[in-house]
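Colleague: Got a structure for you, questions after.
The values are calculated or read from the model by the stated rules, or taken from the named source; none is laboratory data. Just so it is clear, the structure is predicted and the values come from calculations on it, not from any experiment. Virtual Cβ from ideal backbone geometry, glycine too; neighbours counted across all protein chains shown. Each accessible area value is taken on the protein alone, full model and side chains, heavy atoms only, with ligands, DNA and RNA left out. Shrake-Rupley method; radii C 1.70, N 1.55, O 1.52, S 1.80 Å.
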Amino acid sequence: MIGFTSIKRSISLMVISTTTILVTLACIVVSTLLIQNVEQRLLERTEQFTRLIAISGSRSIVFDGGRDPTEWLANLAETKYIDHIHLYQLGESSAMMRYFGSYNRESLAPIPARFERVESLLGARLAERYIEAAWPVSIDDRVVGYVYLRASRDDIDNLVWLSIVVSFIVVLCSMLLAWLITLRLRRYIMSPIDQLVDSLQEVARDKDYSMRLPEASLHELERLSSSFNTMLERIQQHIRRQELAEQQASQLNTELERQVAQRTAALRDANQELLNTLEKLHQYQRQLVEAEKMSSLSDMVAGIAHEVNTPVGLAITSTSILQDKLESMRSKFAERQITSQQFEDFLQATDENLQLISRNIKRTADLITRFGQLAMDQFAEDPREFELNSFVTDVVASLHNRFPQLDEHQIDVECPADIVVCSRPGPLTQILMQLVQNSLQHAFAERDHGHIRIQFEVITAKLEEQPTHLKITYADDGEGIPEQIGRRIFDPFVTSKRGLGATGLGLHLVYNLVNQLLEGHIEYETQLNAGTTFLIEIPLQQCGRI
């Protein structure tokens, strides 16, 4: 949810926060520069004091015979800035350093000697609680000792606290001044805005779009007021145009009702003509489909040549290999150079090639058998009457005998009892066998258990008791038909199992049996991983009236 705030509060917050940030940054910059300047000056002064003491201490170390320098160091008591001073003397024959003298400001305890620091600390350095410095004591460029000085850093600490207090007071005063300026700015800006808001609320409450907003002293608010007045003027014009349009619409409705009544009759006649045209279009469409099926004859011939050529070529190749091995074995036998291993290899190679030849010859025979099934003459039996339920029972039994793997799947058959029909049972049997084989080979290829449902329905004419059509619904719950071949499943040599034993002739045979021999039609519905349904409708003969 959007949080709402006011312009007054936003202006106050923006002015005060901006002023506070700018003043705070200015105080921080000024205080930092001042503290850094003071620190630099203290370091320079400490280093100067250290050098002066080193110059004065050279006389005590060399010329006064080692006299204690405490007396002249005590003169530094007036300098409140210095806390501790150490003088160290170097031995003449060694670099060993010894304590020579010191100074400690009053009320301060002595500090330990800093032998380890004086040689590495040359100059002044700012520590956490003090300032320290060291400088060598030299005579004729020879170091005879060192001076160590520790000074107070109270000036810096006091300056830091003073800067914090002054900065806080300055920021507080600037915030108070910014708040006073904000009050004045709010009254100057918000007064005309409140007038505009009151006027707009009055317009929204009374819906009086003839009202106009007053002029404002600020240029931006004057533009806002002018824009709202223009919008109110356009709303008025829109309302007037809408009222006029409503009047015209009322007049047009009467005319429209009259025209609708006239055109409804014309539309009814046009619909009837359209239905007649659509029926003719369906007839033309079926004729086009048949023409397209017949145009695929050249593709079928090429497919037959390819399918037959592959196993025949393999058989020829295997025969040639077998002849070469036989000729080689005959030569070795004539020369009496055959070993038992060579003879065993010859028998094994002969067996493998004969099996390959046998398989390819059998495949060629199966292909020729399937090609022969495409000829409709072998099913050109005369129509005869038969009891439909008994026929279906026999077909299912023969399906289980021909396809043993069908026992692993469930097959349900729905068929009306005591119905005698007149048709060709041979093509019907072949249609069912091809559909079941197609389900086993494609739909259930990756499944251990599937479900097939076959439903028979006899359609009878309304005025006659004689059945006129046989409707067969064949459905499985397999993988479905892939989209890329879905539009061509009835074409010859179209299959998704190329190279796995499928030739793509099964559904082509079913289509020819239904459409050409039985003069019916077949349709299908499929969905991936949900199965395929074939809808077959076949006209029945009237054997008793022939």
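Colleague: Go through the stretch 329-359 and give me each residue that's open to solvent by 60 Å² or more (accessible area, probe 1.4 Å) and either touching a Gly at 6+ places or on another chain (Cβ under 9 Å) or of a type in the set (Ser, Thr, Tyr) (or both).
Modeller: Correct list: THR339, SER340, SER358.
Colleague: Pick out the one residue from GLU220, GLU255, GLU246 that is open to solvent by less than 100 Å² (accessible area, probe 1.4 Å) and assigned to a helix (DSSP H, G or I).
Modeller: After applying the criteria, what remains is GLU255.
Colleague: Still on this structure, I have one more. Would you confirm whether or not the stretch 199-217 contains a residue that is at pLDDT 80 or above, open to solvent by less than 70 Å² (accessible area, probe 1.4 Å) and of a type in the set (Ser, Thr, Tyr)?
Modeller: For the stretch 199-217, residues at pLDDT 80 or above, open to solvent by less than 70 Å² (accessible area, probe 1.4 Å) and of a type in the set (Ser, Thr, Tyr): absent.
Colleague: Do you know which residues across the stretch 403-421 are in contact (Cβ under 8 Å) with a residue 40 or more places away in the chain and either crowded, with 18+ Cβ neighbours inside 10 Å or under 47 Å from the mean Cα position of the chain (by Cα) (or both)? Reasoning before the result, please.
Modeller: Kept after step one, since they are in contact (Cβ under 8 Å) with a residue 40 or more places away in the chain, are these residues of the stretch 403-421: 408-416, 419, 421.
The answer is GLU408, HIS409, GLN410, ILE411, ASP412, CYS415, VAL421.
Colleague: Quick check on GLU465: is it modelled with pLDDT under 85 and either over 53 Å from the mean Cα position of the chain (by Cα) or hydroxyl-bearing (Ser, Thr, Tyr) (or both)?
Modeller: yes
Colleague: Turning to a different aspect of this structure: Looking only at the stretch 153-173, decide whether some residue is farther than 30 Å from VAL38 by Cα, of a type outside the set (S, T, N, Q), open to solvent by less than 70 Å² (accessible area, probe 1.4 Å) and not in a strand (DSSP E or B). Write out each step before concluding.
Modeller: At the first step, the residues of the stretch 153-173 found to be farther than 30 Å from VAL38 by Cα are none.
No, there is no match, as no residue in the stretch 153-173 is farther than 30 Å from VAL38 by Cα, of a type outside the set (S, T, N, Q), open to solvent by less than 70 Å² (accessible area, probe 1.4 Å) and not in a strand (DSSP E or B).
Colleague: On the basis of being at negative phi, modelled with pLDDT of 75 or more, in contact with a strand residue (DSSP E or B) (Cβ under 9 Å, 6 or more places away or on another chain) and exposed (fewer than 11 other Cβ atoms within 10 Å of the Cβ), does PRO110 make the cut? Can you show your working first?
Modeller: On the way: at negative phi: yes; modelled with pLDDT of 75 or more: yes; in contact with a strand residue (DSSP E or B) (Cβ under 9 Å, 6 or more places away or on another chain): yes; exposed (fewer than 11 other Cβ atoms within 10 Å of the Cβ): yes.
Answer is yes for this residue.
Colleague: Could you give me the residue pairs with C-beta distances under 6 Å whose first residue belongs to the stretch 113-129 and is closer than 17 Å to MET96 by Cβ, whose second residue is surrounded by 14 or more Cβ atoms within 10 Å (Cβ to Cβ) and modelled with pLDDT under 80 wherever it lies, and which are 6+ apart or on separate chains?
Modeller: What qualifies is PHE115/MET97.
Colleague: Only one of (1) surrounded by fewer than 15 Cβ atoms within 10 Å (Cβ to Cβ); (2) assigned to a loop (DSSP other than H, G, I, E, B); (3) not small (Gly, Ala, Ser) is not met by ILE485, so which one is it?
Modeller: (2)
Colleague: Looking at the stretch 74-89, which of its residues are touching a Lys or Arg at 6+ places or on another chain (Cβ under 9 Å), among the hydrophobic types (A, V, I, L, M, F, W, C) and outside any strand (DSSP E or B)? Give the steps one after another, and end with the answer.
Modeller: Pass one, the stretch 74-89, residues touching a Lys or Arg at 6+ places or on another chain (Cβ under 9 Å): 76-77, 79-86, 88-89.
Add one more test, that the residue is among the hydrophobic types (A, V, I, L, M, F, W, C), and what stays is 76-77, 82, 85.
Once the filter is applied, which keeps residues that are touching a Lys or Arg at 6+ places or on another chain (Cβ under 9 Å), among the hydrophobic types (A, V, I, L, M, F, W, C) and outside any strand (DSSP E or B), the stretch 74-89 yields LEU76, ALA77.
Colleague: Please go through the stretch 422-441 and give me each residue that is more than 20 Å from THR473 (Cβ to Cβ) and either part of a helix (DSSP H, G or I) or without any contact (Cβ under 8 Å) to a residue 24 or more places away in the chain (or both), ordered by number.
Modeller: Residues satisfying the conditions are GLY426, GLN441.
Colleague: Residue check: is ILE459 in contact with a strand residue (DSSP E or B) (Cβ under 8 Å, 6 or more places away or on another chain), β-branched (Val, Ile, Thr) and assigned to a loop (DSSP other than H, G, I, E, B)?
Modeller: No; evaluated as a whole, the condition is false for this residue.
Colleague: Here is a list of conditions, (1) under 28 Å from ASN512 (Cβ atoms); (2) modelled with pLDDT of 80 or more, and GLN378 meets all of them except one; can you say which number that is?
Modeller: Single failed check for GLN378: (2).
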